[in-house]
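Data first, discussion second: the structure below is written as C-alpha cells.
The values are calculated or read from the model by the stated rules, or taken from the named source; none is laboratory data. The structure presented is a predicted model; accordingly, all values stated were derived computationally and were not measured. Because the Cβ atoms are built from the backbone with ideal geometry, glycine has one as well, and the counts that use them run over all protein chains shown.
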Amino acid sequence: MKALITGASSGMGRDMAFYLASLGYDVILVARREQRLKEIAKEINSKDGGQAFYVECDLSKRKECVRLYKLVKGEKIDLLINNAGFGYHGYFSEIPLSKELEMIETNIAAVHILTKLFLKDMMKRNRGQILNVASSAGFLPGPMLNTYYATKNYVLRFSEGIYEELRRQGSAVKISVLCPGPVKTEFDKVAHVNFSLSGMKSEAVAKYAIDQTLKGKLVIIPGITMKVGLFFRRFVSEKILLKASYNIQKRKS
Ligand SMILES: NC(=O)c1ccc[n+]([C@@H]2O[C@H](COP(=O)([O-])OP(=O)(O)OC[C@H]3O[C@@H](n4cnc5c(N)ncnc54)[C@H](OP(=O)(O)O)[C@@H]3O)[C@@H](O)[C@H]2O)c1
C-alpha cells in the first residue's frame, strides 16, 4: 500500500506519515523544506514498517502540482492526503494580497488539482482513498483569519460533494475530510498568531484521522469538545457566530 502526504515536513502531515508507515504503508512525503523531508524519511526508514520517499515541491505553484502528479502517477497511490496548508492572521484590509493569493493557491488550487488528477486514476482502478485536510474553520466565518476560513469552507464542501458523486456512481473510491479544531503544530507560528488556544496533540489527531479515513468516514472531527461545539453551531445565528469567531481570533493578536 502507498500513501502520498502533502505538508509532511511538520505537524499533522509528518505525524500521519509516521503512523501510516507503522501500519506498513510506503509513504511519499511532499513539502518545500527538503532537509526536513530527508530527516523524516531517514527516521521512518530506520524503523519497522513501510518505506519513505520524498519529493520537494512548492504546491502554491500549479505547474508544480502537475509535476508532482506526473512524477508519482506510476506508483498507483492508494491514499492521497492533501494536508499542506497555512493561515495568516490579521485584518483583511491589512494582509498583503500576495500572501492571500499564495494561501488560495496552496489551500484550494493545489487540493483541487491533486484531487482531480489522482481521483481520475483511482476511479479507473475502482480503488483508492483521498483525505483532504480542512478544519473546524470550514464550518464557520472567520474574521481576522478570513481568507484561511474561506479556503477551508471550500475544502469541506468540495470534498462532501465529491463523496456524494462517488456514492451515486457506485465507485469503490472514497473521500474523507478532516476538520480539527486547534492542534499543536507550527501552524500558529506560520500564521503570525501570538497567543494560541490550547490545542490537541498532533500525533493523536493524525492517528484518529487515519483510522477514521480507513473506515471510510466522510467528515472527521477529532475531539469531543469540537464535536459538541459544531453540533450547537447550527442553533446560533450568523451574526452571533461572527461576533464569537471575531472575539476568539482577536485574542490571538
Ligand atoms: N494546527 C491547527 O490548529 C490546524 C487546525 C485545523 C486544520 N489545520 C490544517 O492542517 C494542515 C496541516 O497544518 P499543521 O497544523 O500541521 O501546520 P504546520 O506544522 O505548519 O504544517 C504545514 C505543512 O504544510 C506545508 N506547506 C505549506 N505551504 C506549502 C507549499 N506551498 N508547498 C508545499 N507544502 C507546503 C509545510 O511544509 P513546508 O513549509 O516545508 O513547505 C508543512 O509541512 C493545514 O492544512 C492546516 O490548515 C491545522
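Just a few scattered comments:
- Residues of the stretch 121-131 classified as basic (Lys, Arg) and not in a helix (DSSP H, G or I), total: 1
- For Lys250: the one exception among (1) modelled with pLDDT under 95; (2) farther than 14 Å from Ser135 by Cα; (3) within 22 Å of the chain's Cα centre (by Cα): (3)
- Residue match in the stretch 132-154 (condition: touching a Leu at 6+ places or on another chain (Cβ under 7 Å), small (Gly, Ala, Ser) and part of a loop (DSSP other than H, G, I, E, B)): yes
Residue-by-condition table, conditions (1) more than 19 Å from Leu156 (Cβ to Cβ); (2) of a type in the set (Asp, Glu):
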{"position": "Gly85", "(1), (2)": "no, no"}
{"position": "Gly90", "(1), (2)": "yes, no"}
{"position": "Glu105", "(1), (2)": "no, yes"}
{"position": "Ile113", "(1), (2)": "no, no"}
{"position": "Leu119", "(1), (2)": "no, no"}
{"position": "Met123", "(1), (2)": "yes, no"}
{"position": "Gly128", "(1), (2)": "yes, no"}
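- Test: residue in the stretch 174-196 that is part of a helix (DSSP H, G or I), of a type in the set (Asp, Glu) and over 18 Å from Ser10 (Cβ atoms): no
- Considering only residues in the stretch 90-112 that are assigned to a helix (DSSP H, G or I), without any contact (Cβ under 8 Å) to a residue 60 or more places away in the chain and out of contact with any Phe, Trp or Tyr (no Cβ under 8 Å at 6 or more places or on another chain), the one that is farthest from the ligand (Cβ to nearest atom) turns out to be Leu97.
- Only one entry of Thr115, Thr185 meets the criterion of being among the hydroxyl-bearing types (Ser, Thr, Tyr) and either without any contact (Cβ under 8 Å) to a residue 60 or more places away in the chain or within 12 Å of the ligand (Cβ to nearest atom) (or both), and that entry is Thr185.
- Pairing residues of the stretch 198-214 that are part of a helix (DSSP H, G or I) with residues that are among the aromatic types (Phe, Trp, Tyr) and away from the ligand (no atom under 13 Å from the Cβ), at Cβ distances under 6 Å and at least 6 apart in sequence or on separate chains, gives Ala206/Tyr19; Lys207/Tyr19; Ile210/Tyr19.
- For the stretch 3-88, the helices (runs of 4 or more DSSP H) that sit wholly inside it and include 3 or more residues that are near the ligand (Cβ under 9 Å from one of its atoms) and in contact (Cβ under 8 Å) with a residue 40 or more places away in the chain are 11-22.
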